[in-house]
Amino acid sequence: MPFNGGGSGSLPNHQHSLVPLDGGPLDAANVTNASLNAGSVVFSDGVALQELIAPAVPAGELLTFPALATSPSWVSAAGGTTYEEVDSIELTIDAATIGLTFPAISADTIASLEVFYGGRLQNAGTDCSIRINNQSGPDYNTQYNQVTAGVGSIFENAAATEIRTSPNCRQIYGHISIQAGTTAQATTYDTFVQYMGTQSGKDLNAVTNYAGYINNGGMPTTATNLTQFDIFPSGGNFRAGFWLTVYKINRT
């Protein structure tokens, strides 16, 4: 930033350019301005820089440019995010189980938990088992409708320790919806974890549809949260690359 000492002795406007004596390009990293509020966004109104103060509450507002407006503003997110990923995992080595544990998700806030999984198994002719909320007692009651090579069958698996996910195939893909009761329902009625799903497999060209519920020990229950999902084969391992993803569909 050179000094013009001739004539009036005035200083030229400060500028940042590639000319060394002008100060070089402006590096905004760690530049401080005591007048700005934490979390604020700085924008130009076409004349000067202005401060848009971040809202203190509610959390989750969106920064947007309204139609025909010259400045941004904060607005409430319409309805929030409906379909939200909870967690995901993919095996990097062969393993005898795959699962996810997550902070308790209340049935008061979601319509359902949606689980997707798929990949290859070590052994052909292997079915798999699913457990919800780490429930391993003889409390799963499941109805099945299966089609294998064009031949259908209907069967029941009551008082089981898991959900059996036949067909017996080496490569499988599946989807299961899981729901629980709300706390309001649980004050008056028993509430159960309920589920329905579909799994397809390649080797036997088979598809299984199933639905059921978990009756925790046959006692009155207040199942209002979902916390865990696990799937494991009846023999051998899942191959590396087998994946599992859990989503929640929010309703509030």
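Every number in this text was worked out from the coordinates using simple rules, so none of it is lab data. Worth saying up front: this structure is predicted, and the values here are computed from it rather than measured. Using ideal geometry, Cβ is built from the backbone for each residue, glycine included, and neighbour counts are taken over all protein chains shown.
Descriptive notes on the structure:
- Converting phi to 3J(HN,Hα) with the Karplus coefficients 6.51, -1.76 and 1.60 and the offset θ = phi - 60°, segment 117-132 yields 8, x, x, 10, 10, 5, 10, 6, x, 10, 8, 10, 10, 10, 10, 10 Hz in sequence order, with x at every glycine or proline.
- Table column - 3J(HN,Hα) (Hz), segment 82-93, Karplus curve with 6.51, -1.76, 1.60, x for Gly and Pro: 7, 9, 10, 6, 8, 6, 8, 8, 9, 5, 9, 9
- Positive contributions from Lys and Arg (+1) and negative ones from Asp and Glu (-1), summed over other residues with Cβ under 15 Å from the Cβ of Asp203, come out at +3.
- Net charge of Cβ neighbours under 11 Å - reference Ile214; Lys, Arg +1; Asp, Glu -1: -1
- Each residue in Ile53, Ile98, Ile249 was given a count of other beta-carbon atoms within 10 angstrom of its own, and listing them fewest first yields Ile53, Ile249, Ile98.
- Modelled label positions at Thr187 and Glu84, each set 7 Å beyond Cα in the direction of Cβ, lie 2.4 nm from each other.
- Residues in segment 134-150 carry Karplus couplings, in order, of 6, 7, 10, x, x, 10, 8, 10, 10, 10, 10, 9, 10, 10, 10, 6, x Hz; the curve used is 6.51 cos²θ - 1.76 cosθ + 1.60 with θ = phi - 60°, and Gly or Pro positions show x.
- Projected label points at Val47 and Gln122, each 7 Å from Cα along the beta carbon direction, are separated by 7.3 nanometres.
- Label-to-label distance, nm, for residues given as Thr161 and Asn37 (7 Å Cα→Cβ offset): 5.8 nm
- 14 Å beta-carbon shell around Glu114, net charge (K/R +1, D/E -1): -1
- Take the Cβ atoms of Thr198 and Thr64, set R0 to 41 Å, and the FRET efficiency comes out at 0.55.
- Placing +1 on the Cβ of every Lys and Arg and -1 on the Cβ of every Asp and Glu, with no other charges, gives segment 83-250 a dipole of roughly 380 debye about its Cα centre.
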